[in-house]
């Protein structure tokens with residue numbers, strides 16, 4: 001039996017061996033830290049027997065997949081603790097997730113955060129008991145009877161969804177048994193001590209609002225306490241930066257029960273949004289895009305032609321007009337297609353780059369709404385590029401350059417994923433292969449590192465996704481480039497080639513910000529509300545020492561505004577120290593203190609968010625310096 005290892009080396013074994021046996025053969029040190037194996041791409045238990053030639057990676061908790069195994073095992077430990085402490089509770093699902101794990105549970109009495117310490121203490125006992133974790137299987141009908149006997153209706157429902165001939169996998173540890181495909185660690189003692197319950201929330205069973213609301217208990221686990229401490233520190237910082245909290249405190253946006261998931265932008269938030277949109281328009285004009293606007297509601301036949309009616313209907317808002325079905329647009333692309341088709345096109349017109357700041361609506365479940373990050377109504381900075389096959393690579397490179405420029409301006413690093421054909425897709429294998437190869441080739445020529453995300457493409461084509469990293473290490477998927485052979489075919493788009501014949505254009509869907517609302521939420525948290533001067537809703541606040549200097553304060557404000565600087569005057573009859581603290585809390589880039597001396601000398605006493613007290617400057621010098629900072633979009637230090 002030949003086993004190909006992670007480093008590419010090949011080892012030969014005479015007989016079937018477990019993954020742990022092979023790890024031990026490689027080195028005792030590796031065996032001590034091994035948590036699972038990856039066998040021909042599938043994550044498996046260490047006790048899995050390898051019986052044929054295979055590729056095998058020994059996973060430790062330093063590997064993403066290995067850490068997921070540790071966390072999944074920790075979720076079972078938490079579930080066992082819950083069953084011990086609250087015997088009447090019923091378990092639903094408990095997967096590992098990006099930052100930890102959770103378990104959905106039905107409790108007889110409500111659980112609160114005051115219960116966390118007690119649950120963690122019981123988890124520590126279970127870990128100290130070092131219970132062996134054993135996998136076993138049952139035929140489907142026996143599995144159903146087994147879970148009914150344990151009074152676990154959610155597990156029964158999950159099993160009933162499986163094929164009749166399925167062998168159902170379970171894992172036991174002491175008195176606790178859970179329905180689970182695995183893999184898991186070999187014993188509860190291997191989970192270690194670096195875990196913590198973080199929060200709880202409500203979650204509908206199977207994400208369906210018509211089902212019972214369960215309690216979702218979020219937790220996390222790491223190998224070392226130092227890693228857990230660093231994560232907790234990051235989460236505490238994230239709470240301080242929560243865009244919902246800062247959005248309210250800084251007067252940027254609000255939510256209202258009259259429209260859950262539909263954000264209201266307040267005056268300062270609207271200034272922020274418009275500043276972003278002005279920037280978007282400027283860089284797209286420079287890059288050769290034209291801007292359009294398409295209707296928010298279009299009839300059903302259009303959405304059927306585009307494929308959205310079949311693939312996206314459940315997320316669309318619909319209505320009836322003149323006895324015909326209409327839908328509020330969830331995406332802008334069909335409108336852009338109609339603009340292209342409005343008149344004959346020649347190869348000389350291509351590439352045709354068409355941008356739209358389009359308002360779209362998507363039905364998101366209420367439990368998934370989250371401030372500006374997950375809404376039902378948002379502005380998408382769509383653009384659609386219509387081109388010849390020969391232009392694909394250059395256009396993709398141009399979009400990548402544009403996205404890189406924008407993210408660099410805000411100080412974002414990013415990584416790239418190539419997402420391939422999903423199960424729910426349309427089009428031929430040949431078109432998908434050609435489109436995927438074109439994206440892959442462009443990335444390779446750009447020497448841009450990427451990972452392949454199998455099956456996560458759009459239903460009409462593969463895509464390149466840009467995952468940006470904010471200042472506390474969280475990642476957000478914003479920019480995307482999607483190559484589409486399908487919509488040009490479905491809408492029968494054409495151009496006249498150099499040969500005088502009709503040809504089918506190829507289409508790129510792309511966004512830079514993505515959802516403008518979501519991007520604003522990301523920026524609020526990235527900068528902790530302390531926006532760079534060019535982006536700040538209020539760039540300078542004038543602080544008169546007393547009411548006697550209000551006339552000069554207003555004069556300063558008028559001069560600033562005449563130069564294009566967004567300014568306001570603090571008109572309250574408060575002491576100057578209080579006004580300064582208020583301006584700092586409001587995260588204003590510049591505070592200009594004015595009194596008798598400043599009025600006589602036509603100066604301002606400058607305090608900046610970045611450097612504190614900067615001393616007196618002439619009003620004209622200050623205006624010139626800030627105008628230059630705004631023009632160059634210099635990002636102030638946070």
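A short reminder: the numbers here are calculations on the coordinates, not readings from a lab. Since the structure is predicted, the reported quantities are computational estimates derived from the model, not experimental observations. Heads up, the Cβs are rebuilt from the backbone with ideal geometry, glycines too, and the neighbour counts pull from every protein chain shown.
Over the chain, calculate the relative contact order: mean separation of alpha carbon pairs under 8 Å at least 6 apart, over the residue count, as a percent. Please list the in-between numbers first.
Numbers: 1172 pairs, mean separation 54.2, N = 638.
Once divided by the residue count of the chain, the mean separation gives 8 percent.
Between segment 94-122 and segment 231-247, what is the C-alpha centre distance in whole Å?
Segment 94-122 and segment 231-247 have Cα centres separated by 21 Å.
Which of the three applies to segment 216-371, rounded, prolate or oblate, going by the alpha-carbon gyration tensor with a ≥ b ≥ c and a/c under 1.5 meaning rounded?
Working: a/c = 2.00, a/b = 1.63, b/c = 1.22.
Here segment 216-371 falls in the prolate category.
I'd like the orientation of helix 392-409 relative to the chain: the angle between its Cα long axis and the longest Cα principal axis, in ° from 0 to 90, rounded to 10.
70 degrees
How far is helix 550-562 tilted, in degrees, relative to the longest principal axis of the Cα atoms in the chain, given as a value from 0 to 90 rounded to the nearest 10?
70 degrees
Using a/c under 1.5 as the rounded threshold, could you call segment 510-587 rounded, prolate or oblate? The axes a ≥ b ≥ c are square roots of the C-alpha gyration tensor eigenvalues, and prolate needs a/b larger than b/c, oblate otherwise.
Working: a/c = 4.38, a/b = 1.97, b/c = 2.22.
Here segment 510-587 falls in the oblate category.
Taking a label point 7 Å from the Cα of residue 409 along the Cα→Cβ vector, which residues of segment 355-381 have an amide N closer than 12 Å to it?
Correct set: none at all.
For segment 312-419, divide the Cα radius of gyration by the Kirkwood radius and give the resulting Rg/Rh value with two decimals.
Values: Rg = 17.6 Å, Rh = 17.0 Å.
That ratio equals 1.03.
Could you state the number of Å between the C-alpha centres of segment 571-638 and segment 484-516?
Result: 51 Å between the Cα centres.
Note the direction-averaged projected area, equal to a quarter of the hull surface, for the Cα convex hull of segment 540-632, in nm².
Details: hull surface 21.3 nm².
So the Cα hull casts an average projection of 5.3 nm².
How would segment 72-215 be classified by its alpha-carbon gyration tensor: rounded, prolate or oblate, with rounded meaning a/c under 1.5 and the a/b versus b/c comparison settling the rest? Could the numbers behind the result be given before it?
On the way: a/c = 1.75, a/b = 1.17, b/c = 1.50.
Since a/c reaches 1.5 but b/c is at least a/b, the shape of segment 72-215 is classed as oblate.
If you rank 467, 210, 308 by fewest surrounding Cβ atoms within 10 Å, what's the result?
210, 467, 308
Which angle from 0 to 90°, rounded to the nearest 10, does the C-alpha axis of helix 267-286 make with the longest principal axis of the chain?
90 degrees
Can you quote the Å³ per residue value for the convex hull of the Cα atoms in the chain, rounded to an integer? Could the numbers behind the result be given before it?
Numbers: hull volume 140.0 nm³, N = 638.
Measuring per residue, one finds 219 Å³ for the Cα hull of the chain.
Kindly put 114, 310 in sequence by how many other C-beta atoms sit within 10 Å of each C-beta, fewest to most.
Details: 114 7, 310 12.
Starting with the residue having the fewest Cβ neighbours, the order is 114, 310.
For segment 150-214 and segment 357-395, what is the separation of their Cα centres, given in Å?
So the two Cα centres are separated by 35 Å.
Determine, for 176, 195, the number of other Cβ atoms within 10 Å of each Cβ, and report the residues in order from fewest to most.
Details: 176 20, 195 23.
By the 10 Å Cβ count, ascending: 176, 195.
If you count the DSSP beta bridges with both ends in segment 540-632, what percent of them are antiparallel, to the nearest 5? Spell out each step's value before the answer.
On the way: 10 of 18 bridges.
Rounded to the nearest five, the antiparallel share is 55 percent.
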